[in-house]
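FYI, it's all coordinate maths here, none of it is from the lab. For clarity, every value in this text was computed on a predicted model and none was experimentally measured. As a convention, Cβ positions derive from the backbone with ideal geometry for all residues, glycine included, and neighbour counts pool all protein chains shown.
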Ligand code: SF4
């Protein structure tokens, strides 16, 4: 067994060099790495896997230039655009979350800033949804003012997603219209108001392994309740269309998910976009590190239906967590 895997990851946390060592392990050492991740996953999360459903609450027309995003002002993607999803669609998704007993209902809204009246309108939707379906609600909703965040809290939003996306060093390569520090400041403000935080990133943007390790250390410092790790889907019409993702082998993706678990043993580690592409058929191994996944797609990209998603959990020998 590689020396690094003999460590007690809880009493003696990994250094940056050791984290890079994990990403550089030989594929032949993967089984032992998965066992190390599984020991922590089992301790804090048992054998359950939570499933999230994501509704695209506002689509397209974003003023920002995130290179991977089909909703960016630079993207030429052929996507549906709307200012606020009709309540009927939100309600249908909320019912599905309730009926299938999914862990939570996530709602993503494109854009970086919202007017107070837009927040009021969205908060009214959340309030109705809470009354109707009563599910745990998480929103991805740009930068909020403290007053806007309080309104959403009062309406019943439990958790807010705000990803760091990549390392601080690589960030200017993927977005120049807002900064890494603005993202961190938004997260800190929300934590100060008592929100649970979901924060993760995307692998495959052109970053190197040091960037992946740096991003995970930044995330560990944030201490989010959930950490979504996405593997790039190079969407048509985005700046990253045509990106070479051949390095996103199942083994590399699994090492990253394991490293996330070793660094943040108590957080939900979610394998988000790209799961169906890069880890198909490797779910039994993936769930050794991961305790959370999405069903039914990722904003502008399709995914696996709810029943099929539940089936891969039980087929892999894990339990579907009923929310
Ligand atoms: S990721 Fe969000 S902020 Fe960036 S372009 Fe897409 S919708 Fe806009």
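Once the chain from residue 88 to residue 308 is taken as fully extended at 0.36 nm per residue, the excess over their C-alpha distance is 76.8 nm.
Neighbour counts of other C-beta atoms within 10 Å: give me 215, 264, 189 arranged from fewest to most.
Neighbour counts put them in this order, fewest first: 189, 264, 215.
Placing a pseudo-label 7 Å from each Cα along the Cα-to-Cβ vector at residue 7 and residue 208 gives an inter-label distance of 2.1 nm. Note on residue 193 and residue 241: the model spin-label points, each 7 Å out from Cα along the C-beta direction, lie 3.6 nm apart. Label sites at residue 31 and residue 316, each approximated as a point 7 angstrom past Cα along Cα to Cβ, lie 1.9 nm apart.
With Cα atoms defining each centre, the range 121-160 and the range 268-286 are spaced 28 Å apart in the structure. Sorted ascending by nearby beta carbons within 10 Å, beginning with the fewest, 287, 217 become 217, 287.
Please state the shape class of the range 50-315: rounded when a/c is under 1.5, otherwise prolate if a/b exceeds b/c and oblate if not, all from the C-alpha gyration tensor. Present the calculation step by step, with values, prior to reporting the outcome.
Values: a/c = 1.37, a/b = 1.18, b/c = 1.16.
Verdict is rounded for the range 50-315.
Using a ≥ b ≥ c from the Cα gyration tensor of the range 241-323 (square roots of the eigenvalues), is it rounded, prolate or oblate, where a/c under 1.5 gives rounded and otherwise the larger of a/b and b/c decides, a/b for prolate? Mind dumping the intermediate values first?
Values: a/c = 1.61, a/b = 1.11, b/c = 1.45.
Oblate is the answer for the range 241-323, as a/c is 1.5 or above yet b/c matches or exceeds a/b.
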